[in-house]
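Novice: Here's a structure for you.
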Amino acid sequence: MANNYLTSESKKLATWYFTFAAILFGAQLLFGLVAAIQYVMPGFLFEILDFSVARTVHINALVIWMVFAMMGSVYWLLPDETGIETVGIGLGKLFYWVFVAAIVVVVLVYLFVQVGPADQTTIWFIMEGREYLEAPRWADIGIVVVVLGFIYNLYATGMKGKRTGIVTVLMADMLAFAGIYLAGMGYTDNISVDQFWWWWVIHLWVEATWEVFVGAIAAYGLIHMIGAHRKVVEMWLWIEVAMLFGSGILGIGHHYFWIGTPEYWWEIGALFSALEPLPLVAMFIHVLYDWGKQQGAQEAQGKEVSVVTNKPAFTWFVLQAFGNFLGAGVWGFFHTFPQVNLYTHGTQFTSAHGHLAFFGAYATILIGMFYIAVQNKNGIKVMKATKKSIWATCMIFGGVLGMTVALTLAGYVQVLVSRAQMGATWAGYFDGQAGIWFAQGMDWRLIMGVVTFIGFIILIKDLLSIGSATHHER
Amino acid sequence: MAQKSVWSDNRFWQRSASWITGFAAMLLIWLTFDTIPQIMMGNDTDIKEGVTKRVPGPTVINYKITYEMSKRRGHEIPVIGGANAEGTSSFQEKELFFGRDDWSQEEAMEMLALGKLASQAKNCMNCHTLLGNGAYYAPDLTKSWLDPMWGPEGPLQAMTGKSTKEEAMAEFLINPSQYPTHARMMPKLGITAAEAKGLVAFLKHMSTIDTNGFPRNFGKIKGAVHGK
Amino acid sequence: MVEEALILQDIHIDDFLTIFVSAGLVLVFGGFYVGIYTAVKAELLKPWIMPFAYIAWLCTAYCLYLMGSLMHVNDFTAKTLVVAGLSLLLIPHAVYYMLRRVHEENEYIHEENEEYVHEENEQHVQAKNEH
Ligand code: HEM
Ligand code: HEM
Ligand SMILES: [Fe+2]
């Protein structure tokens, strides 16, 4: 790579995190493709790399690449926000390698050991077998240690340097983010209690702490990419925190309708999760409003140029606002009332929502952060899009949207046939899977998955080459 | 020139955010303290005394289980040992499970615990849903114990050549790919005989959990009408 | 705690499609409402378009009603839906009110307290120069 314009150690470390995140993102997509092929051709890699294995790697790589990119984002913005170099960079670097090594080992065990005997050694060393939290216990403990180190750096830096609103929010949020993970580390014989705590991690991560995290990142992006006014943006951030936590924390009730928990969760889940889309709507307007405002101010001064200092990154930030609203808001609202969730629970509907929400809310903005890193690493003042960035954006976003639509149609068949009529029996399940709409839905998911993957390859090429393009302002 | 208003003061919003978050978190913790005791596993004494628990004790494996519409609650509920006059569990009618209907609390718990552990060690949740959560590649296991497929007239029981539901399920779990039921097959996961027995106990127990009526209309309609 | 059963009736098989479509449209119209409102206030659209924002909100309200009735919601959930609909109506007003306030105040700060602004700008420039 050409000249490295980064002088901050914290930012250099951030680029390490981003790099490994991008690699895991690729692995995520590859194993997603394997699982999608298995829906269409059930014999594919049967008893070699079964669906459960492919899916485990798919969703674990997803969570971990996002955690990596999130940690990278914090290391990235800390020097800008606090005005000082991040404290404890040495520790950060050491833990980076520890974390990477641990993940490689965990994935290799998933792939080559796959399952273990029914005893605690399996839970400790091979697999915990709880969706998203499959990582064996030793890795859980490792993750906690690594994240504690990260939080130490964040707090030490925030306390020594200037503590802006963004840093304050991140400090509180990251602590909650790490603390909640502990709820998912135990073992119990009781499946209801098990799933009760399991949702604490999954739901309180993606619908509370991660949402607030992206709120903070979006705030940073608006200040740095379009020069939005800090005070306005930070006030917004606090309002978003209030709305997100206010609805999201108790919105967890929408997972407690059917796992053995009491009926009152029907009401709590319905009320609070129905309100969850509101902050997403608000975040969406906020981005557009600020953008319009800054551009308007610029044009009022007679300058016709765009206020955006990083076109590809800003595009991904805007797509985040939209994707979050669409994936979490619209697709979440679809199935969040108990009356409907009774039929959609655990169908391809859930999968449709899971894909668009994770992608729309998180993948987008983190890709945006990759572009910000590339811009600064190459010392570019105003970074413009290339043909590749445009193709990558369209193919990835279009691909995931296409997969979502296909899964939604498949889910619809499943709701009618497997749920409303046959009530989730074995025969009902396979009758639903045999529906022509369902089968075609699975074909289209695979096709759109391939589109997404090609988009990803172009994205990586672009990230590696855009820095040396000549049409940027330097 | 505008006046400073509280609505545009960051400190005000910071404080509001903290209060709202704190309040929501406290409410969640309080509700957790209310919910957890309600979903703790019952025991054999409850069953003997006819006390219905949301998650009953492991010795339910000694009883006949059904899933019946409750008029009062407006949806199906698990009924253990036959229904009483109110339509809830009477804990009377027993049923042999691997040849016995007198599994003690300890024995039953041991099997159930092994089964739960096996369900994690074999990663069931990344193909199936349990209580509706997990993956969507294979049927939901919440009420699989009650599935007509495994019943006396069900094709799966016949296919394994076993004469009881539990033996048929265990046999299938040990050698799933020997009994292909569909182009999409379950892979062999190295499940031992003891683990299989535990898993079946775990599944039978899961079917007795009060899931507020999920799944709805279980097995009510035999063939699909729409959507093909 | 709950006396009245929440889920008494099955959803009619032919109603599912309507429910899903109307549930999706709730937020689509909701988005139109909020989007048009914001765009008009930010002077991206002409003021005469504003009534369409409220028409969009009415569509949202209708979709909520349709969805709720086909789902056979009980009283409590019905109230929830009303609260959600009204919050949606209010939010852009509240947001716009606050945004305007803050922007005005900040323009005020610009004049009164140049230093504050300068300090921030300098930092901004510094951070950029570093790279
Ligand atoms: C960015 C935010 C969100 C993400 C990443 C996300 C992701 C997910 C995922 C992955 C699942 C499936 C979990 C599983 O594997 O079983 C899920 C389930 C669910 N989500 Fe979200 N979600 C988000 C926001 C929302 C919102 C705002 C709502 C409601 C308005 C919502 C409603 C639901 C419901 C009801 C389920 C349960 C589905 C079922 O019963 O099977 N989600 N979410
Ligand atoms: C090449 C593109 C992709 C393909 C082919 C693919 C395929 C799959 C498949 C087959 C499953 C298993 C679903 C099941 O159990 O039936 C799955 C689950 C999942 N994938 Fe993907 N995926 C892709 C991209 C993504 C992306 C970009 C994201 C998010 C950023 C994502 C997030 C998830 C999540 C959260 C789940 C769990 C869903 C749930 O349990 O409801 N996937 N994916
Ligand atoms: Fe949730």
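The values are calculated or read from the model by the stated rules, or taken from the named source; none is laboratory data. Small disclaimer: the values here were computed from a predicted structure and weren't measured. Every residue, glycine among them, receives a Cβ derived from its backbone with ideal geometry; neighbour counts consider all protein chains shown.
Novice: Which residue pairs have Cβ atoms closer than 6 Å, lie 6 or more positions apart in sequence or on different chains, and pair a first residue in the stretch A:316-341 that is over 26 Å from A:ALA270 (Cβ atoms) and more than 8 Å from chain C (Cβ to nearest Cβ) with a second residue that is more than 15 Å from ligand 2 (Cβ to nearest atom) and at pLDDT 90 or above?
Specialist: From the stretch A:316-341, the pairs are A:PHE317/A:GLY221.
Novice: Further, regarding this structure: I'd like the full set of residues that are surrounded by 18 or more Cβ atoms within 10 Å (Cβ to Cβ) and more than 8 Å from chain A (Cβ to nearest Cβ), limited to the stretch C:40-58.
Specialist: C:VAL40, C:LYS41, C:ALA53, C:ALA56, C:TRP57
Novice: Among residues belonging to the stretch C:44-61 that are within 19 Å of A:LEU278 (Cβ to Cβ) and not polar (S, T, N, Q), point out the one that is nearest to the chain's Cα centre (by Cα).
Specialist: Checked the stretch C:44-61; the qualifying residue nearest to the chain's Cα centre (by Cα) is C:TRP57.
Novice: Does B:PRO215 meet the test of being touching a residue at least 12 places away in the same chain (Cβ under 8 Å) and within 16 Å of the chain's Cα centre (by Cα)?
Specialist: yes
Novice: Which is touching a residue at least 40 places away in the same chain (Cβ under 8 Å), more than 16 Å from ligand 1 (Cβ to nearest atom) and within 13 Å of another protein chain (Cβ to nearest Cβ), of A:GLY215, A:GLY158, A:GLY227, A:GLY179?
Specialist: When all the criteria are applied, what remains is A:GLY227.
Novice: With the stretch A:190-303 as the region, which helices (runs of 4 or more DSSP H) entirely inside it contain at least 2 residues that are surrounded by fewer than 23 Cβ atoms within 10 Å (Cβ to Cβ) and among the aliphatic types (A, V, I, L, M)?
Specialist: The helices (runs of 4 or more DSSP H) meeting that bar are A:191-204, A:230-251, A:264-275, A:277-300.
Novice: Confirm whether A:PHE245 is under 30 Å from B:MET206 (Cβ atoms) and within 14 Å of ligand 3 (Cβ to nearest atom).
Specialist: no
Novice: Any residue that is part of a loop (DSSP other than H, G, I, E, B) and of a type in the set (Ser, Thr, Tyr) - is there at least one of those in the stretch A:72-93?
Specialist: yes
Novice: Right, something else. Against the condition facing another protein chain (nearest Cβ under 7 Å), modelled with pLDDT of 95 or more and under 30 Å from B:THR142 (Cα atoms), how does A:ASP194 come out, does it pass?
Specialist: So A:ASP194 fails the test.
Novice: Then there's this: Can you confirm whether A:VAL340 is within 16 Å of ligand 3 (Cβ to nearest atom), more than 17 Å from the chain's Cα centre (by Cα), part of a helix (DSSP H, G or I) and at pLDDT below 95?
Specialist: Yes: the conditions hold for A:VAL340.
Yes or no, residue by residue, for (1) at pLDDT 90 or above; (2) more than 8 Å from chain A (Cβ to nearest Cβ):
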residue: B:GLN3; (1), (2): no, yes
residue: B:SER8; (1), (2): no, no
residue: B:SER16; (1), (2): yes, no
residue: B:ILE20; (1), (2): yes, no
residue: B:PHE33; (1), (2): yes, yes
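Novice: Of all residues in the stretch A:202-219, which are within 15 Å of ligand 3 (Cβ to nearest atom) and of a type in the set (Gly, Ala, Ser)?
Specialist: Passing the criteria: only A:ALA208.
Novice: At the interface with another protein chain (Cβ under 8 Å from one of its Cβ atoms) and outside any loop (DSSP other than H, G, I, E, B) - does that describe any residue in the stretch B:92-99?
Specialist: No - not one qualifying residue is present in the stretch B:92-99.
Novice: Which condition number in (1) assigned to a helix (DSSP H, G or I); (2) without any contact (Cβ under 8 Å) to a residue 24 or more places away in the chain is the one that A:GLY129 fails?
Specialist: (1)
Novice: If you scan the stretch B:127-154, which residues turn out to be under 16 Å from the mean Cα position of the chain (by Cα) and part of a helix (DSSP H, G or I)?
Specialist: Answer for the stretch B:127-154, where residues must be under 16 Å from the mean Cα position of the chain (by Cα) and part of a helix (DSSP H, G or I): B:SER144, B:TRP145, B:LEU146.
Novice: With respect to A:ILE249, is the statement that it is touching a Ser or Thr at 6+ places or on another chain (Cβ under 8 Å), more than 17 Å from A:ASP290 (Cβ to Cβ), within 16 Å of ligand 2 (Cβ to nearest atom) and within 9 Å of chain B (Cβ to nearest Cβ) true?
Specialist: So A:ILE249 fails the test.
Novice: Moving to a separate point now. Look through the stretch A:272-292, keep the residues that are more than 16 Å from A:ALA216 (Cα to Cα) and without any contact (Cβ under 8 Å) to a residue 24 or more places away in the chain, and return whichever of them is nearest to ligand 2 (Cβ to nearest atom).
Specialist: Filtering the stretch A:272-292 for residues that are more than 16 Å from A:ALA216 (Cα to Cα) and without any contact (Cβ under 8 Å) to a residue 24 or more places away in the chain, the one nearest to ligand 2 (Cβ to nearest atom) comes out as A:TYR289.
Novice: Follow-up. Can we say C:ALA39 is small (Gly, Ala, Ser), within 22 Å of A:VAL287 (Cβ to Cβ), part of a helix (DSSP H, G or I) and at pLDDT below 90?
Specialist: yes
Novice: Out of curiosity, is A:ILE123 within 14 Å of ligand 2 (Cβ to nearest atom), at negative phi and within 14 Å of chain B (Cβ to nearest Cβ)?
Specialist: no
Novice: Within the stretch A:418-425, identify whether any single residue is within 14 Å of chain B (Cβ to nearest Cβ), surrounded by 21 or more Cβ atoms within 10 Å (Cβ to Cβ), not small (Gly, Ala, Ser) and not in a helix (DSSP H, G or I), and answer yes or no.
Specialist: yes
Novice: Another question, then. Here are A:VAL109, A:VAL145, A:VAL167: which of them is over 20 Å from A:PHE213 (Cβ atoms) and modelled with pLDDT of 95 or more?
Specialist: A:VAL109
Novice: Which of the residues spanning the stretch B:43-55 are farther than 15 Å from B:ALA113 by Cβ and either free of Cβ contacts under 8 Å to residues at least 24 places away in the same chain or in a loop (DSSP other than H, G, I, E, B) (or both)?
Specialist: Result: B:THR45, B:ASP46, B:GLU49, B:GLY50, B:VAL51, B:THR52, B:LYS53, B:ARG54.
Novice: Please go through the stretch A:24-55 and give me each residue that is in contact (Cβ under 8 Å) with a residue 40 or more places away in the chain and more than 23 Å from A:ALA439 (Cα to Cα), ordered by number.
Specialist: Answer for the stretch A:24-55, where residues must be in contact (Cβ under 8 Å) with a residue 40 or more places away in the chain and more than 23 Å from A:ALA439 (Cα to Cα): A:LEU24, A:PHE25, A:GLY26, A:ALA27.
Novice: Restricting to the stretch A:8-54, and then to whatever is among the hydroxyl-bearing types (Ser, Thr, Tyr) and touching a helix residue (DSSP H, G or I) at 6+ places or on another chain (Cβ under 6 Å), can you tell me which residue is nearest to ligand 1 (Cβ to nearest atom)?
Specialist: Filtering the stretch A:8-54 for residues that are among the hydroxyl-bearing types (Ser, Thr, Tyr) and touching a helix residue (DSSP H, G or I) at 6+ places or on another chain (Cβ under 6 Å), the one nearest to ligand 1 (Cβ to nearest atom) comes out as A:SER52.
Novice: For the stretch A:343-374, give me each residue that is at positive phi and either among the hydrophobic types (A, V, I, L, M, F, W, C) or more than 9 Å from ligand 2 (Cβ to nearest atom) (or both).
Specialist: Scanning the stretch A:343-374 gives no hits.
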